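Peer 1: Right, I'll just put the structure down here and ask away after.
Derivation of every value follows stated rules applied to the coordinates shown; laboratory data play no part. Values in this document were obtained by computation on a predicted structure and should not be read as measured data. As a convention, Cβ positions derive from the backbone with ideal geometry for all residues, glycine included, and neighbour counts pool all protein chains shown.
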Amino acid sequence: MIELILYTRNDCELCHEMEAVIAAELPKFDAHIQRIEIDGDPGLEARFGTEVPVLFVNDRKAFKYRCTPAELRQRLAREAKT
């Protein structure tokens, strides 16, 4: 199973865009996503600041700010082979 972690903020338009891309593509793969909001967590705010959304795939940073459906499919397909 592919593990995704999406770090987001509350009122973040880019975060909403990336969430929509993920929601559309995720059902095509054996994958699970965990959404983590960094607002209110000093450690995560220090780590990511305004550089969200950030998507990790199997514990590796995969995308920051944006990803297209094709880019996400390609990355998830590559992870599914390993």
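Peer 1: Using only Cα atoms and rounding to the nearest 10 degrees, what angle (0 to 90) does helix 13-25 make with the longest principal axis of the chain?
Peer 2: Value to nearest ten degrees: 20.
Peer 1: Could you pull out the GluC sites (Glu not before Pro) across the chain that fall in loop regions by DSSP (anything but H, G, I, E, B) with no more than 14 other Cβ atoms inside 10 Å?
Peer 2: Values: sites: E3, E13, E17, E19, E25, E37, E45, E51, E71, E79; in loops: E51.
Answer by residue number: E51.
Peer 1: Here is a further query. With the radius of gyration and the Kirkwood radius both derived from the Cα set of the chain, what is their ratio Rg to Rh?
Peer 2: Numbers: Rg = 12.3 Å, Rh = 12.8 Å.
Using only Cα positions, Rg/Rh for the chain is 0.96.
Peer 1: Whose amide H sits under 5 Å from the amide H of E37, counting only residues 5 or more places off or on another chain, with H placed in the peptide plane?
Peer 2: Placed amide hydrogens put T8 under 5 Å from E37.
Peer 1: Straight-line reach from K61: which aspartates and glutamates fall under 14 Å, measuring Cα to Cα and dropping same-chain residues less than 8 apart?
Peer 2: Here the aspartates and glutamates satisfying the reach criterion relative to K61 are E3, E51, E71, E79.
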